[in-house]
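Some notes on the structure that comes next.
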Protein chains: 2
Amino acid sequence: MSKNCLFCKIVKGEIPAAKVFESETVLGFKDINPSAPIHVLFISKTHTNDISELSIDPTALSDLFSSLTEYATTIPELKDGYRLIINKGPRGGQSVFHTHIHLLGGKQMQGF
Amino acid sequence: MSKNCLFCKIVKGEIPAAKVFESETVLGFKDINPSAPIHVLFISKTHTNDISELSIDPTALSDLFSSLTEYATTIPELKDGYRLIINKGPRGGQSVFHTHIHLLGGKQMQGF
């Protein structure tokens with residue numbers, strides 16, 4: 001846990017969040033400022049600053065991604081697809097320095 | 001390998017690509033239609049259709065992500081951050097059904 005981390009406070013229950021998924025190790029909750037009809041964040045409960053730190057832990061990384069993709073199979077609006085976004089560092093648009101995956105869906109995402 | 005997969009053909013050298021990273025298991029190459037000053041795709045050489053399939057293989061998933069984040073540390077324009085995007089399924093904007101991570105950088109990404 002990181003003392004002043006917003007998402008660690010959500011994990012500890014010190015700050016409320018609209019949870020959509022919870023396991024022993026992973027939490028999913030709604031983004032407070034949604035960019036799509038479905039916009040949730042998935043995090044590992046254990047603190048890492050960003051994706052480069054999480055990437056070197058195969059178990060935690062796979063646990064996070066497979067929790068998210070399993071969750072998505074339970075949501076009819078995500079059946080035909082969704083987009084995952086991970087911002088790394090200030091120039092990537094990362095605002096909370098606890099690794100998180102944005103899951104966006106419920107509409108047709110444009111290809112690029 | 002999947003016979004008619006575009007990215008498997010790049011792995012096999014049957015279709016050219018502007019490679020930026022290669023290991024025994026991972027390939028990084030420039031997107032042919034870039035959406036940012038830096039826009040490369042990272043793939044596992046072994047075929048999976050999408051992120052839900054790759055997520056359950058901790059070794060391959062971690063290998064792919066850590067190859068990407070290590071590569072990013074070698075590019076000065078990515079030092080202060082970048083964005084990763086993974087499209088899952090047609091409604092997520094996935095157009096090639098070989099799991100790939102878009103790495104976008106070289107400019108300030110907007111938060112959301």
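The values are calculated or read from the model by the stated rules, or taken from the named source; none is laboratory data. Since the structure is predicted, the reported quantities are computational estimates derived from the model, not experimental observations. Backbone-built Cβ (ideal geometry, glycine too); neighbour counts: all protein chains shown. To get the accessible areas, we keep the full protein, side chains included, count just its heavy atoms, and leave off ligands, DNA and RNA. Shrake-Rupley method; radii C 1.70, N 1.55, O 1.52, S 1.80 Å.
Angle of helix A:58-73 to the longest C-alpha principal axis of chain A, folded into 0 to 90 degrees and rounded to 10: 30°. Ranked by solvent-accessible area (1.4 Å probe, protein heavy atoms only, all chains present), the residues A:ILE51, B:ILE15, A:ILE32 order from largest to smallest as A:ILE32, B:ILE15, A:ILE51. Loop-located GluC sites (Glu not before Pro) in region B:11-112 (DSSP state not H, G, I, E or B) with no more than 11 neighbouring Cβ atoms inside 10 Å: B:GLU14, B:GLU24. Couplings for region A:78-87, taken from phi via the Karplus curve 6.51 cos²θ - 1.76 cosθ + 1.60 with θ = phi - 60°, read 9, 4, 8, x, 6, 10, 10, 10, 10, 8 Hz in order; Gly and Pro are left as x. Per residue of A:103-112, other chain Cβ atoms within 10 Å of the residue Cβ number 5 on average. Please identify every one of the trypsin sites (Lys or Arg not before Pro) in region B:26-112 that sits in a loop by DSSP and has no more than 14 other beta carbons within 10 Å of its own beta carbon. When the trypsin sites (Lys or Arg not before Pro) of region B:26-112 are filtered for loop state and at most 14 Cβ neighbours within 10 Å, B:LYS79, B:LYS107 remain.
Residues in the protein assembly as shown average 47 Å² of solvent-accessible surface per residue, probe 1.4 Å, ligands and nucleic acids excluded. Computing Rg and the Kirkwood Rh from the Cα coordinates of chain A gives a ratio, Rg/Rh, of 0.94.
Rounded to the nearest 500, the helix-only mean residue ellipticity at 222 nm of chain A stands at -7000 deg cm²/dmol, with each DSSP H run of n ≥ 4 adding -39,500 (n - 2.57). The chain A residue nearest the rotation axis shared with chain B, using its Cβ and rounding the distance to whole Å, is A:PRO58, 2.
A simple rule links phi to the HN-Hα coupling: the Karplus curve 6.51 cos²θ - 1.76 cosθ + 1.60 with θ = phi - 60°, which for region B:96-109 gives 10, 8, 9, 3, 8, 10, 7, 10, 10, x, x, 8, 6, 7 Hz, with x for Gly and Pro. Region A:90-112 and region A:47-62 have their alpha-carbon centroids 17 Å apart. A:THR73 label point (Cα plus 7 Å toward Cβ) to equivalent points in the other copies: 3.5 nm, shortest first.
The mean count of C-beta atoms from other chains within 10 Å of the C-beta of residues in B:92-99, rounded to a whole number, is 4. Derived scalar couplings between HN and Hα for region A:18-33 equal 7, 6, 10, 8, 8, 10, 4, 10, 10, 10, x, 8, 5, 5, 6, 10 Hz in order, rounded to whole Hz, by the Karplus curve 6.51 cos²θ - 1.76 cosθ + 1.60 (θ = phi - 60°), x for Gly and Pro.
Computed over Cα pairs, the Kirkwood radius of the protein assembly as shown leads via Stokes-Einstein (0.890 mPa s, 25 °C) to a diffusion coefficient of 139 µm² per second. Pairs from the table (A:LYS19/A:LYS107; A:LYS30/B:LYS88; B:LYS19/B:LYS79; A:LYS30/A:LYS88; A:LYS45/A:LYS107; A:LYS45/B:LYS107) lying more than 26 angstrom apart at Cα are A:LYS45/A:LYS107; A:LYS45/B:LYS107.
In chain A, if the dipole is taken from +1 on Lys/Arg beta carbons and -1 on Asp/Glu beta carbons about the Cα centre, which of A:ASN33, A:HIS47, A:LEU103 is farthest to the positive end? Of the listed residues, the answer is A:ASN33. Net length available on complete extension from A:GLU70 to A:ASN49 is 5.1 nm, with 0.36 nm assigned per residue and the Cα-Cα distance removed. What Kirkwood Rh does region A:28-85 have if only Cα atoms enter the pairwise 1/r average? Answer in Å. Kirkwood radius, region A:28-85: 12.6 Å.
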